[in-house]
Amino acid sequence: MQSALYAASGVLLAVLLAACSSGAAPASKPSAPAAPAAAAPTRAVPTSGPARPAPSAPATPPPVEHIKVSFAADSAIYAPHFIALEKGYYQEEGIDMEMIRAGGGAATPALISGEIQYSTSAATSLSAMLKGAPLKVIYTNSDRSFDELWTTTDGIRTLQDLVGKSIGIQTRGDTMEIESRLMLMKYGIDPNTVSFNAMGVGNQRLAALEAGVIPAAVLSIPDAVLLKETGAAARAYRVADFRNEIQMLYTGLATSDQELRGHQDRARRFLRGTVKGREYFKLFKDETLAIMEKYNGNPRPVNEADYDATLPALTEDGSMPAEVQRQDAIVRAQVNDVDQVPPVEQMYDYSLVKDIYRELHASGWKPTR
């Protein structure tokens, strides 16, 4: 299975890069101009009064570095990144972030090959790590999914009713498939008795449910809200709520061991900008909703429902307890037919994000409107 993952990376990367060249433009703001050079030092002239401290030289701005980061969606869980762009947090850190729209199944091979530097599909990356991929989870934004399993098919009201039928997801092996399998296993249902239909990133799953061409599909909260406003609303039924049933690695950031070894300062600056966006998200709801609408075009009620569900599920400091890491890894190993589970220290490295939170707290930094 490991060789299949790496073999497939070439095909998936070609698709990803073609998509980037055809329409994905950098979502970053222009870089800040370089600070003026400090004046040449002059010899001090003695005076009768007390000596005055010399003016400090202007701080040297960090070098501007371009990075590519994959995003599977534009829902509230990803909003800290949008905020960091809009508020200039990335710009302050010298980070020029290009947003690449890709699900975890495509993003993970791209991350392994170095075509992108970071993936927000941390959970899918973890499945690859179980098979030996040289990656690390460096930040966990949420330790639970906000997705829900919906149907518009008569006769499907329980998970057991899905046996022999298919579930629409984004890409094979992604978070949507993992959480569905975890839910089925929790209720004693063999996940292999259900098929998973990869439908890509976007509103394909919502459209398929509305048209009744797929028995069930995993939907984000915004899509679930929109489903209730379509002509299929009378037939729509929520089969499962992952948010209240499953604790797992959901979203955050994964990167390669090579990125951490060769560009640790860049990783620190990118994480610091993200954390600042995250803290802004927590404090300023109305402003966050306005930023979300700019990026996803959803009306306020949709984004507000998404925000309200996301806020209480955020981790305190961007990390998960080791025991949750271990339990999650064990279940994913079973799902991925992996016999031996690597130590969690081999798959997680929260040292940077914990340092950043300590530094921000010590400095008294707070986001402002």
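The values are calculated or read from the model by the stated rules, or taken from the named source; none is laboratory data. Remember, predicted model here, so these are calculated numbers, not experimental data. In this analysis, Cβ positions are derived from the backbone assuming ideal geometry, glycine residues included, and neighbour counts consider all displayed protein chains.
Structural remarks
- Among the candidates Tyr90, Tyr78, residue that is surrounded by fewer than 23 Cβ atoms within 10 Å (Cβ to Cβ), out of contact with any Leu (no Cβ under 7 Å at 6 or more places or on another chain), in contact (Cβ under 8 Å) with a residue 40 or more places away in the chain and outside the structural domain of Gly202 (by TED's automatic domain parsing): Tyr78
- When residues of segment 144-196 are limited to those that are in contact (Cβ under 8 Å) with a residue 12 or more places away in the chain and on the phi > 0 side of the Ramachandran plot, the one surrounded by the fewest Cβ atoms within 10 Å (Cβ to Cβ): Gly164
- Residue satisfying condition, being at pLDDT below 90 and not assigned by TED's automatic domain parsing to the domain that holds Asn336, within set Arg205, Arg238, Arg172: Arg172
- For first residues located in segment 342-369 and surrounded by 10 or more Cβ atoms within 10 Å (Cβ to Cβ), partners that are part of a loop (DSSP other than H, G, I, E, B) and basic (Lys, Arg) and lie 6+ apart or on another chain with Cβ distances below 8 Å form the pairs Pro367/Lys87.
- Among the conditions (1) at pLDDT 95 or above; (2) part of a loop (DSSP other than H, G, I, E, B), the only one that Arg144 does not satisfy is (1).
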